[in-house]
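Before any comments, here is the structure.
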Amino acid sequence: MTIYQTDVIDMIATIGNKVELVITDHLEWTGKTEEDLEHLRLLDAKFCKYIAAYESGELLRKKPEIKDKKVTIQIVGLHCPNKRGAKFISDARDYLSKNCPEITLEFVWRLR
């Protein structure tokens, strides 16, 4: 799956009592406004898809074994985020803490 497939959950990993919903992000943070805004739009659409799938019960219907497990949305990036990317991550964490406190957000990247 790719960041461009905003209507698809890239990966669901169950590890003990934890479920990781993984967003794979191969796009570079270029610092160019137009490119970064498109990157943010794609990340936001993907993030919203994951939240909607969780809140609607879609995930539980597809993967009943995740019931009662701690849920984490993990964005796996190929590139370190710039200021715009870091702000998105901070805003997404704030949203979750206020609206879906049972879900956490992690961001990991390979150094490039």
Filtered residues of the range 47-71 (kept if under 27 Å from Leu27 (Cβ atoms) and buried (at least 17 other Cβ atoms within 10 Å of the Cβ))
Phe47, Lys49, Tyr50, Ile51, Ala53, Tyr54, Leu59, Val71
Val8 fails exactly one of (1) crowded, with 17+ Cβ neighbours inside 10 Å; (2) under 24 Å from Arg110 (Cα atoms); (3) of a type in the set (A, V, I, L, M, F, W, C), namely (1)
Go through the range 58-102 and report how many residues are among the β-branched types (Val, Ile, Thr) and out of contact with any Ser or Thr (no Cβ under 7 Å at 6 or more places or on another chain).
4
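Checking the condition over 17 Å from the mean Cα position of the chain (by Cα) and at pLDDT 95 or above, which residue from Glu65, Glu20, Glu35 passes?
Exactly one residue qualifies, and that residue is Glu35.
The values are calculated or read from the model by the stated rules, or taken from the named source; none is laboratory data. This one's a predicted model, so the numbers in the text were calculated from it and none came from an experiment. So basically every Cβ, Gly included, is an ideal-geometry build from the backbone, and we count neighbours across all protein chains shown.
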